[in-house]
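The next block holds one structure in the form of structure tokens; read it before the comments.
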Amino acid sequence: MDTTTVKPILPTLANLYRPLAPFAYAFLRLSAGAILIPHGVQELLFRGSAPAGRYLLAWGLKDPLEGAWALALLEAIGGAMLALGLLTRPVALVLAAEMAWAATVHLKFGWTWTTAEYPVLMLALCVAVFFRGGGRYSLDHRIGREF
Amino acid sequence: MSEESAEIDPSHLIVPGLAGLYRRLAPLSYALVRVSTAVLLLPGGYEKLFKGGVYRIAANNIAKVGVEPPLAWAWAVGCTEFFGAILLAIGLWTRPAAFALVVLLATITFRVRWDAGYFWKATGWEVTLLLALVCLAYLFGGGGRYSLDRRIGREF
């Protein structure tokens with residue numbers, strides 16, 4: 001963030017983090033995207049799509065397997081695009097919708113790290129990325145065109 | 001105009017009409033993650049300090065990490081989660097709070113959850129890793145907009 005309006009209490013320490021401060025937002029975006037990639041990859045390569053398929057079936061979808069594949073692609077490719085900042089806002093919006101859905105599905109199992117809490121954390125990150133877009137350190141910014 | 005809003009260049013937008021909306025939303029982004037993360041961490045700290053959770057983790061996870069004496073470390077963990085989350089939420093002493101949380105969450109990731117694997121459904125380490133990375137971002141960036149640090153004008 002901007003270190004110009006806030007005075008550091010320990011200037012020596014400020015020298016350490018001042019060069020890093022401009023990257024804070026990009027670091028958030030990168031972390032949120034990268035953490036999703038293994039989910040999609042696992043489902044695509046190791047047929048881990050069964051759990052998502054069950055939820056989709058319970059949710060009343062006619063062809064849960066197709067939906068599960070779509071989610072897997074979304075997490076693998078969407079996660080990578082979020083990390084790189086490519087088509088950032090549309091991708092963040094779609095992922096936010098997925099996470100909102102995942103949170104409601106898991107809410108009936110409780111509020112812990114293995115139930116609704118984690119999708120809600122991801123939801124907050126995706127909404128935040130939608131709010132701000134790719135930012136300075138993104139492919140969107142490099143390309144110079146973005147949604 | 002705020003720094004975050006100024007970053008949005010209408011001439012770069014495929015739908016330039018959205019610039020006004022984006023400029024209104026962008027300054028909220030960084031604070032949204034700071035507050036949400038803190039609110040998600042808070043119940044864990046509360047349970048440890050006020051619902052006997054310190055005794056549970058002293059007997060299990062703290063013993064697993066192997067630090068002595070377990071109960072003192074359990075209280076340190078509970079206090080870090082509870083007070084660290086409150087400080088992060090309001091953005092007061094954001095960087096020291098974020099630093100303490102990074103150390104805690106990284107330790108949980110690598111020393112407590114590691115054996116369970118990556119995935120969250122199997123109590124894996126991705127959740128604490130993501131929380132650690134988010135806190136690391138606030139160690140880099142500080143409280144930012146809508147924080148007490150910013151309001152006070154002095155920060156660590």
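Structure notes:
- Karplus-derived 3J(HN,Hα) values for the stretch B:32-41, using 6.51 cos²θ - 1.76 cosθ + 1.60 with θ = phi - 60°, are 4, 5, 4, 5, 4, 4, 4, 5, 6, 7 Hz; glycine and proline are entered as x.
- Cβ-based net charge around B:GLY53, under 11 Å, with every Lys or Arg adding one and every Asp or Glu removing one: +1
- Positive dipole terminus of the stretch B:1-107, leading residue within B:ALA100, B:VAL54, B:THR37 (C-beta point charges): B:VAL54
- Convex hull of the stretch B:36-152 built on C-alpha atoms - directionally averaged projected area, nm²: 7.1 nm²
- A:ASP140, B:ASP115 arranged by Cβ crowding within 10 Å, fewest neighbours leading: B:ASP115, A:ASP140
- Relative contact order for the stretch B:1-107, counting Cα pairs under 8 Å that sit 6 or more residues apart, in percent: 24 percent
- Extension reserve of the A:PHE23-A:ALA100 stretch, reckoned as 0.36 nm per residue once the Cα distance is removed: 25.0 nm
- Sorted by Cβ neighbour density within 10 Å, fewest at the top, the residues B:CYS79, A:CYS126: B:CYS79, A:CYS126
- Dipole magnitude of the protein assembly as shown, debye to nearest 20 (Cβ charges: Lys/Arg +1, Asp/Glu -1, about Cα centre): 420 debye
- Other residues within the sphere of radius under 11 Å centred on the Cβ of B:GLU155, judged by their own Cβ, net out at +4 (K and R +1, D and E -1).
- Where Cα atoms sit under 27 Å apart: lysine pairs in the protein assembly as shown separated by 8 or more or lying on different chains: 10
- Net +/- balance of residues flanking B:GLU81 in space, Cβ distance below 14 Å, scoring K and R +1, D and E -1: +1
- Oblate is the label for the protein assembly as shown, because the ratio a/c of its alpha-carbon gyration tensor axes (a ≥ b ≥ c) is 1.5 or higher and a/b is not greater than b/c.
- Distance (nanometres) between label positions extended 7 Å along Cα→Cβ at B:TYR146 and B:VAL103: 3.0 nm
- Taking a ≥ b ≥ c as the square roots of the eigenvalues of the Cα gyration tensor, the stretch B:46-103 is classed as oblate, since a/c reaches at least 1.5 and a/b does not exceed b/c.
- Working from label points 7 Å from Cα in the Cα-to-Cβ sense, the A:LEU16 to B:ALA63 distance is 3.5 nm.
- For B:GLY117, residues with placed amide H under 5 Å, excluding near neighbours: B:TRP125
- Added length on full extension, which subtracts the Cα-Cα distance from 0.36 nm per residue, A:PHE109 to A:TRP69: 12.0 nm
- In terms of surrounding Cβ atoms within a 10 Å radius of their Cβ, A:LEU45, B:LEU18 rank from fewest to most as A:LEU45, B:LEU18.
- A Förster distance of 45 Å, applied to the separation of the beta-carbon atoms of B:ILE86 and A:ARG145, puts the FRET efficiency at 0.60.
- Long-range HN-HN contacts of B:GLU155 with modeled amide H, under 5 Å: A:LYS7, A:ILE9
- Calculated FRET efficiency for the pair A:LEU44/B:VAL39, C-beta based, R₀ 41 Å, to 0.05: 0.80
- Karplus-derived 3J(HN,Hα), 6.51/-1.76/1.60, for each residue of the stretch A:18-29, Hz, glycine and proline x: 4, x, 8, 3, x, 8, 4, 5, 4, 5, 4, 4
- Close amide H pairs (under 5 Å, H built 1.01 Å from N) link B:LEU13 with A:GLU146, residues at least 5 positions away or on another chain.
- Residues A:LEU93 and A:TYR137, FRET efficiency given R0 of 30 Å [Cβ-Cβ distance, rounded to 0.05]: 0.90
Rule-based calculations on the coordinates, nothing more; no lab input. Keep in mind that this is a model prediction, so the values were computed, not measured. Cβ coordinates were reconstructed from backbone atoms using ideal geometry, including for glycine residues, and neighbour counts include every protein chain displayed.
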